[in-house]
Amino acid sequence: METPVMKTRPDTDSRIALLEGRRGQVRETDGSPVDMACGKASLAGAVSQRACVFCGSRVVLYPIVDALHIVHGPIGCAAYTWDIRGSLSSGPELHRLSFSTDLREKDVIYGGEKKLHAALCELIDDHAPKAAFVYSTCIVGLIGDDVEAVCRSVTKLKGIPVLPVHSEGFKGTKKDGYAAACAAMMKLVGTGDTAGISKHSINILGDFNLAGEIWIIREYYRRMGVDVVATVTGDGRVDDIKRCHGAALNVVQCSGSMIHLARSMKEKYGTPFLRVSYFGIEDMSRALYDVADHFESAEMRAAAGELIREEVSEILPQLTAMRGDLNGKRVAVYTGGAFKAFSLVRCLRMLGMKTVVAGSQTGNKDDYNELAELCDPGTVLLDDTNPLELAKYIQEKDVDLFIGGVKERPIAYKLGVAFCDHNHERKIALAGFVGLLNFAKEVHASVMSPVWNFVPRKREARI
Amino acid sequence: MIAAKMPPGISRNYASSCNACRQCTPLGACLAFKGVEGAVPFLHGSQGCATYIRRYLISHFREPMDIASSSFSEEAAIFGGERNFLLGIENVMRQYRPRVIGIATTCLSETIGDDVPGFLRLLHERVKDQKDVPRFVHVSTPSYTGSHIDGFHETVRALVASAPGSVSLNDRVGVFPGMVSPEDLRFLRDVFGDFGLNPVLVPDYSDTLDGPAWENYHEMAPGGTTLGEIDQLPGAMAAVDFTRCVPAKHLAGAHLHQAHGVFSSRLAPPVGIAATDAWMKWMGDVSGRDLPDRHTRERGRLVDALVDGHKYLSGVRVAVYGEPDFALSLAVICSEFGMKVTLLAAGGAAADFPAVAQEALPSRDLPRILNGADFRDIENAVEANPPDLLLGHSKGYAMARRLGIPLVRAGFPIHDRFGGQRMLHLGYAGAQRLLDLLINTLLDHRQTESPVGWSYL
């Protein structure tokens, strides 16, 4: 006998109330632009999902695999970022070691410059890195260490670039950390030899090679006849970054993290840039065509078209099959940058699913307006949200699937909602055409799991 | 070639830390606060501290982990965090309606010298006419002193010290287990019940950090020690601190004794047969009951299994690491199993650790002891004297992989395996699980390495 399946909990009335100070950052779309009060520091006590300036710098520079990354501060900041991203390397793996000056009380009182100097010297001697990044944490901003001076001195002594990253945790938001990371990298850019770089060459900016994604993208561009000078920063190399101003074009993914570098390079070296996304058929295809169009090469465009046809025909039958199961499912999306959310909304629509909640940690007004345009009316948009708001809208919008990172996962699971990790910890590639298939499989596996038959929130489903 | 390889040489005194074997003080505070009913931890400092700690704890416990922050701005860092503190606390009160707000400081607020007790006086003044005002428990946890385990114990002590004090004698027993798993906490509660004792576990995150699926979202996970229970502790019939390494001045039980005259004991964490025997004897003395049959049988089964398995472990060389108490407990139990402990490394430094460890371990065959080690120190020591097994939390995995030595995971954190929150380490039953795990890891390794692939091992 067939079990009657009832619609689950359309009547859930969450008791969770919004904080007064947060109301401007929660919007329901109605077809017109939303006036999101975004770009602000997180509200004290609101339990933001954001981290800090240091986090922004750390995640962006982390994948430079042949650099020494040392956190100047107490141990926590280094401990919590040890091997934090699944950024793969095709060679050295120095980035996977977690170095810190491990500041103690006496260092806080007497200053940490000597310790930093000694730490840098011993680590450079031990590991022979191509460059060193020194991350300032909150405390360094307070005790007044002259990190710049220490870096200059060690640069002179050891003959490699030792670059301060001004990432004191309290000096802004994660976005400011992106800017600090880019400012540090700009000191490398322009110091390498650009001889032999082809005129059809690009830098891939803003992909971090989680699960080898940058290798997929790089291979697509190679098939189109485009040379990649530097991947910044996924599978990144100091020497590549040094000479990347020789590339003809910067292709920038991710809304916040690398745009500073692209702008600085445009200003200083005249390198034009394109903004792209590698998630979903639409966005991935555009990322290839746009590069071909930039080089005004019909040949390249044809190669891109051929590649896209080949790749899409490979994945389409499987996508179509899964679409049957996923059709009509309701999804919440919460990302770091808003750019990824755009792609996800499009991917989900392609799979027959409907985004009912969408948000980001660092979106700006334009981003939210674009999201509002992209999503159906009645979608809840959230800026710099928190666990209680997410739980509220998971319940009120009767969400079937949540797409986010580690911190959002238990909120979804606790409420019996399927989940897909689209953040640092993912171990399967989600970028590119093959990545879309992986994404669909991952979503399908979670959404269609029999486990939801047993969770309390959907008890009515099992009459 | 730049490799993520440890440089050779074990005698060097490094200025830097490489691959920490500890976390920062506020993490321990947050974890302890999570074990109190209706409590929201609140970190006075940068937003990142709360977020990093949440993420780190979630990867082990896989549960909602709301930790609030006063989200310092540059302005707050310069002019003081009072405004952010008050606004933050009030927002937590509005959003969560908590019974307790557990306030821990970070290096930032400590260094600028924020007067949190002063802020709390202001706060009390502001909220005194509101109803359901939570209790504010403050603990000072600058991350440049100590490690997560110090923050944990300091917080337990602060929670217990927050009890008003004038309470009549009662039948509760204060139990301060240290940083153990939710499964361990459930086990402790059961065992005290078996002796007819009525424990107050501080903290008790057995439900809050390992609870059932929910129908509706809870602002705070159900469960945890209630304030009412904590407030009974000054009149408790007995109390016990399970630790070898933490000095008395940081202990909740010692505080109850000193401030309220509660009969209070310090016992070794009940990991292994002898330590559990000592605990059982204590339970018998306090309850006036004989060892319940269940535990006699559990002990019997453990000894029987140990006899069955002793040759697998005899002389097997093991290196253990972790927070001081737990690492030492692991060394002790391995010695009981007939293994040879080659290295005992404490991630966070503990006062007199080598002396405390030597007293707990059999004197004829002492391991090399490291106090306040990072994984560079540990890896160098392991490489210099390679063991057959590594035993400790999951952060030793990078080392285990590089050196090709099997790792048995225990304690916190366990980020690369499933079910760390459900691992039982305590009592005869916990010893049994660890015995099985150690033997099976060795057998698995032996079988995989074997050219024959024996079916009987």
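The values are calculated or read from the model by the stated rules, or taken from the named source; none is laboratory data. Note that the structure is predicted; figures quoted are calculated from it, not measured. Backbone-built Cβ (ideal geometry, glycine too); neighbour counts: all protein chains shown.
Any residue at all in the stretch A:178-190 that is under 22 Å from residue A:293 (Cβ atoms) and without any contact (Cβ under 8 Å) to a residue 60 or more places away in the chain? No; the residues of the stretch A:178-190 include none that is under 22 Å from residue A:293 (Cβ atoms) and without any contact (Cβ under 8 Å) to a residue 60 or more places away in the chain.
Within the stretch A:112-133, residues that are in the same structural domain as residue A:58 (by TED's automatic domain parsing) sit with their Cβ atoms under 7 Å from residues that are hydroxyl-bearing (Ser, Thr, Tyr) and assigned to a helix (DSSP H, G or I), at 6+ positions apart or across chains, in these pairs: A:117/A:153. Tallying residues that are aliphatic (A, V, I, L, M) and farther than 22 Å from residue B:82 by Cα within the stretch A:35-55 yields 2.
Within the stretch B:31-47, the set of residues being touching a Lys or Arg at 6+ places or on another chain (Cβ under 8 Å) and part of a helix (DSSP H, G or I) comprises B:47 only. Does residue B:166 meet the test of being away from every other protein chain (no Cβ under 14 Å), under 24 Å from residue B:101 (Cα atoms) and buried (at least 21 other Cβ atoms within 10 Å of the Cβ)? Criteria not met by residue B:166. Residue-level check: of (1) crowded, with 24+ Cβ neighbours inside 10 Å; (2) facing chain A (nearest Cβ under 7 Å); (3) in a helix (DSSP H, G or I); (4) not hydrophobic (A, V, I, L, M, F, W, C), residue B:28 misses just (2).
A count restricted to the stretch A:363-380 and to residues that are in a loop (DSSP other than H, G, I, E, B) and crowded, with 21+ Cβ neighbours inside 10 Å stands at 3.
Would you pick out the residues in the stretch A:39-86 that are of a type in the set (S, T, N, Q) and more than 9 Å from chain B (Cβ to nearest Cβ)? Residue satisfying the conditions is A:57 alone. Residues satisfying the criterion are absent from the stretch A:36-51 (criterion: under 13 Å from residue A:175 (Cβ atoms), in contact with a helix residue (DSSP H, G or I) (Cβ under 6 Å, 6 or more places away or on another chain) and outside any loop (DSSP other than H, G, I, E, B)). Against the condition loosely packed, with under 15 Cβ neighbours inside 10 Å and under 30 Å from residue B:211 (Cα atoms), how does residue B:446 come out, does it pass? Against the criterion (loosely packed, with under 15 Cβ neighbours inside 10 Å and under 30 Å from residue B:211 (Cα atoms)), residue B:446 does not qualify. Residues of the stretch B:422-438 that are surrounded by fewer than 20 Cβ atoms within 10 Å (Cβ to Cβ) and in a helix (DSSP H, G or I): B:422, B:432, B:433, B:436, B:437.
Within the stretch A:445-461, can one find any residue that is more than 10 Å from chain B (Cβ to nearest Cβ), closer than 23 Å to residue B:58 by Cα and surrounded by fewer than 18 Cβ atoms within 10 Å (Cβ to Cβ)? Yes.
Of the candidates A:33, A:92, A:10, A:4, the single residue that is modelled with pLDDT of 95 or more and not in a helix (DSSP H, G or I) is A:92.
Residues of the stretch A:115-122 include none that is more than 7 Å from chain B (Cβ to nearest Cβ), surrounded by 24 or more Cβ atoms within 10 Å (Cβ to Cβ), more than 30 Å from residue A:40 (Cβ to Cβ) and not aliphatic (A, V, I, L, M). Restricting to the stretch A:123-163, count the residues that are part of a helix (DSSP H, G or I) and either under 25 Å from residue A:236 (Cβ atoms) or away from every other protein chain (no Cβ under 12 Å) (or both). So the answer is 18.
Taken together, the residues in the stretch B:405-450 that are more than 15 Å from residue B:391 (Cα to Cα) and either touching a strand residue (DSSP E or B) at 6+ places or on another chain (Cβ under 9 Å) or of a type in the set (Ser, Thr, Tyr) (or both) amount to 4. The single residue among A:397, A:407, A:427, A:340 that is among the basic types (Lys, Arg) and more than 24 Å from residue B:58 (Cα to Cα) turns out to be A:397. Looking at the structure I just gave you, is residue B:11 more than 21 Å from residue A:168 (Cβ to Cβ), among the small types (Gly, Ala, Ser) and at pLDDT 95 or above? No: the conditions fail for residue B:11. When the stretch B:149-178 is limited to residues that are among the small types (Gly, Ala, Ser) and not in a helix (DSSP H, G or I), the one that is farthest from residue A:103 (Cα to Cα) turns out to be B:168.
Among residues of the stretch B:75-89 that are more than 7 Å from chain A (Cβ to nearest Cβ), none has a beta-carbon under 6 Å from a residue that is surrounded by fewer than 16 Cβ atoms within 10 Å (Cβ to Cβ) and charged (D, E, K, R) at least six positions away or on a different chain.
Residues are listed down the side, and each one gets a yes or a no for (1) out of contact with any Leu (no Cβ under 7 Å at 6 or more places or on another chain); (2) polar (S, T, N, Q); (3) part of a loop (DSSP other than H, G, I, E, B):
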{"residue": "B:203", "(1), (2), (3)": "yes, no, yes"}
{"residue": "B:214", "(1), (2), (3)": "no, no, yes"}
{"residue": "B:219", "(1), (2), (3)": "no, no, yes"}
{"residue": "B:223", "(1), (2), (3)": "yes, no, yes"}
{"residue": "B:245", "(1), (2), (3)": "no, no, yes"}
{"residue": "B:258", "(1), (2), (3)": "yes, yes, no"}
{"residue": "B:276", "(1), (2), (3)": "yes, yes, no"}
{"residue": "B:291", "(1), (2), (3)": "yes, no, yes"}
{"residue": "B:299", "(1), (2), (3)": "yes, no, no"}
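Looking at the stretch A:87-114, which of the residues that are more than 7 Å from chain B (Cβ to nearest Cβ), surrounded by fewer than 18 Cβ atoms within 10 Å (Cβ to Cβ) and not aliphatic (A, V, I, L, M) is nearest to residue B:140 (Cα to Cα)? Once the filter is applied, the top-ranked residue is A:106.
Residues of the stretch B:110-148 that are within 13 Å of chain A (Cβ to nearest Cβ) and either exposed (fewer than 13 other Cβ atoms within 10 Å of the Cβ) or part of a helix (DSSP H, G or I) (or both): B:110, B:111, B:113, B:119, B:123, B:148.
Exactly one residue out of B:91, B:19, B:84 is on the phi > 0 side of the Ramachandran plot and modelled with pLDDT of 95 or more, and it is B:19.
Listed here are the residues, each with its yes/no results for (1) of a type outside the set (Val, Ile, Thr); (2) assigned by TED's automatic domain parsing to the domain that holds residue B:436; (3) assigned to a loop (DSSP other than H, G, I, E, B); (4) surrounded by 19 or more Cβ atoms within 10 Å (Cβ to Cβ).
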| position | (1), (2), (3), (4) |
| --- | --- |
| B:358 | yes, yes, no, no |
| B:370 | yes, yes, no, yes |
| B:377 | yes, yes, no, yes |
| B:382 | no, yes, no, yes |
| B:386 | yes, yes, yes, no |
| B:395 | yes, yes, no, yes |
| B:408 | no, yes, no, yes |
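For residue B:416, the requirement of being in a helix (DSSP H, G or I) and acidic (Asp, Glu) is not met. Taken over the stretch A:310-338, residues that are surrounded by fewer than 19 Cβ atoms within 10 Å (Cβ to Cβ) and either under 25 Å from the mean Cα position of the chain (by Cα) or of a type in the set (S, T, N, Q) (or both) amount to 7. Residue pairs whose Cβ atoms lie under 9 Å apart, sitting 6 or more positions apart in sequence or on different chains, and linking a residue in the stretch B:43-60 that is more than 7 Å from every other protein chain (Cβ to nearest Cβ) and crowded, with 24+ Cβ neighbours inside 10 Å to a partner that is assigned to a helix (DSSP H, G or I) and of a type in the set (Val, Ile, Thr), are B:43/B:53; B:44/B:116.
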